[in-house]
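> Mind looking over this structure? Questions follow.
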Amino acid sequence: MKSKNISINSKYMGMKRFAILLLGIIIASSFSGCTEKEKHPVAAIKTNMGTMKVELYEDKMPITTANFIKLANDGFYDGLIFHRVKEGFMIQGGAYYPNGTYKESPYGTIKFESSPDVTHVDGAISMASTGAKKGGNNQFFICDGDQHYLDGNYAAFGKVVEG
C-alpha cells in the first residue's frame with residue numbers, strides 16, 4: 001500500500017513546509033454511491049498534493065463514519081490543513097486553517113466505537129481523540145505504516161484505496 005498512500009514520504013517536505021496545506025477536503029460532493037461491486041462509500045479528499053480516495057466502512061463503524069460524512073457534506077473540512085505529520089506513524093488533519101486558527105466541530109464529541117474488523121493498517125483513516133477509547137469529533141488521521149497498537153483504542157473507519 002505504500003505506493004498508493006498519497007505518497008506520504010514524498011509529500012513530507014511540502015506538507016511540513018506548508019503546514020501541510022491539505023484539507024481542501026472538498027469531500028462534500030465527492031461521495032460516490034454504493035454499487036453492487038462497491039460495498040462501501042468512497043470519499044475523495046482533495047489536497048494541494050493530489051486527491052486521495054478513501055473507502056469508508058459505515059457497516060462496521062456507523063457512528064464515526066456518519067460523523068465524518070456529515071462534516072464533509074456540510075463543508076466543514078474545506079480549506080483546512082493536515083497540521084501534524086509524523087513519518088512512519090500518521091498524518092493528521094481536520095481542525096486547523098493554514099494560519100493556525102482552530103475550527104471546532106459544530107456537533108461535538110461522538111461516542112467511541114471500535115471493530116476488530118477495521119484495524120490501523122497502512123493507509124487506514126481513523127478518528128483522532130484526546131485519548132484511548134474516547135470519542136472524537138472532527139480530527140482524523142491516516143496511518144503511515146501499520147499501527148496495530150492503536151486497534152481497539154482509536155476508531156479506524158476506512159482506508160485509503162487510491163492516491
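We did not get these values from a lab; they are worked out from the coordinates using the rules stated. In this text the structure is predicted, and so the values were computed from the model without any measurement. Counting neighbours? That spans all protein chains shown, and the Cβs are built from the backbone with ideal geometry, glycine included.
> Can you find a residue that is touching a Phe, Trp or Tyr at 6+ places or on another chain (Cβ under 6 Å) and crowded, with 18+ Cβ neighbours inside 10 Å anywhere in region 98-111?
Within region 98-111 (the criterion being touching a Phe, Trp or Tyr at 6+ places or on another chain (Cβ under 6 Å) and crowded, with 18+ Cβ neighbours inside 10 Å), the answer is no, since none of the residues qualifies.
> Shifting gears a bit: Quick check, is F157 in contact with a Gly (Cβ under 8 Å, 6 or more places away or on another chain) and not small (G, A, S)?
Working: in contact with a Gly (Cβ under 8 Å, 6 or more places away or on another chain): no; not small (G, A, S): yes.
When the stated conditions are applied, F157 does not pass them.
> Restricting to region 101-147, name every residue that is of a type in the set (A, V, I, L, M, F, W, C) and under 15 Å from F68 (Cβ atoms). I'd like the intermediate steps shown before the answer.
First, pick out the residues of region 101-147 that are of a type in the set (A, V, I, L, M, F, W, C): 110, 112, 118, 121, 124-125, 127-128, 132, 140-143.
I110, F112, V118, A124, I125, M127, A128, F140, F141, I142, listed by residue number.
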